[in-house]
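Below is one structure, written out as structure tokens, with a few remarks after it.
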Amino acid sequence: MLTRVGEIRGRLATGAGYGGHGGGNIPKPTQEPAHVNETWSIELPLTEKYVDYLGHVTAAAHLTLLEEAHAHWLASVVDEPEPAFVLVRVELDYERELLLADAPVTVRVEPVELTRSTVTVQEVMASARGPHTRARVVLVRWDRAARRSMPFGEGERRRIDVQMRRPPAG
């Protein structure tokens, strides 16, 4: 799936797709890691559209919230407002029921592996009650014109390396 932050913003503003937050208020990251010991995170709202007949936030909404988080994270890493990437793998572990009353949730995104054109991130979605969902996600940097993967640039790799808490290569 090709994802752009602008596409997510449009869906959030209209309440369409990705569960829709409505209102057009785009959450801002709570941290832009400047230091090695910080982990990037974003606070996200929950809406009634995310809740099913059992009263909990649906599995699809968990995916929506995680995708919104890593789209914003990648935008900060590549320093583009609408970076192109393709999500190629998602592993989820649901640890605790997520309820509307748990809002807002914080999603932490931490890169754990970097290759030429992919980055694997670990994500944790938590509320004041603790972690609800843990995910491992593989994202591929995408070249819109060539319609294929592209390598991360040197500056992008450096920023990811810092977040991986390791010295940059070279």
Which members of segment 57-104 meet the condition of being more than 19 Å from residue 122 (Cβ to Cβ), surrounded by fewer than 19 Cβ atoms within 10 Å (Cβ to Cβ) and modelled with pLDDT of 95 or more?
58, 60, 97, 99, 100, 101, 103, 104
For segment 107-121, check the following and say yes or no: at least one residue is of a type outside the set (Val, Ile, Thr), closer than 22 Å to residue 59 by Cβ and not in a strand (DSSP E or B).
no
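Any idea which of 133, 120, 58, 115 is over 15 Å from residue 42 (Cβ atoms), touching a helix residue (DSSP H, G or I) at 6+ places or on another chain (Cβ under 7 Å) and among the hydroxyl-bearing types (Ser, Thr, Tyr)?
Details: 133 fails: over 15 Å from residue 42 (Cβ atoms); 120 fails: touching a helix residue (DSSP H, G or I) at 6+ places or on another chain (Cβ under 7 Å); 115 fails: touching a helix residue (DSSP H, G or I) at 6+ places or on another chain (Cβ under 7 Å).
Checking each option against the conditions leaves just 58.
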Going by the conditions given, is residue 138 closer than 24 Å to residue 164 by Cα and at pLDDT below 95?
no
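The values are calculated or read from the model by the stated rules, or taken from the named source; none is laboratory data. Because the structure is a prediction, the values reported are computed rather than measured. We place every Cβ from the backbone using ideal geometry, glycine too, and count neighbours over all the protein chains shown.
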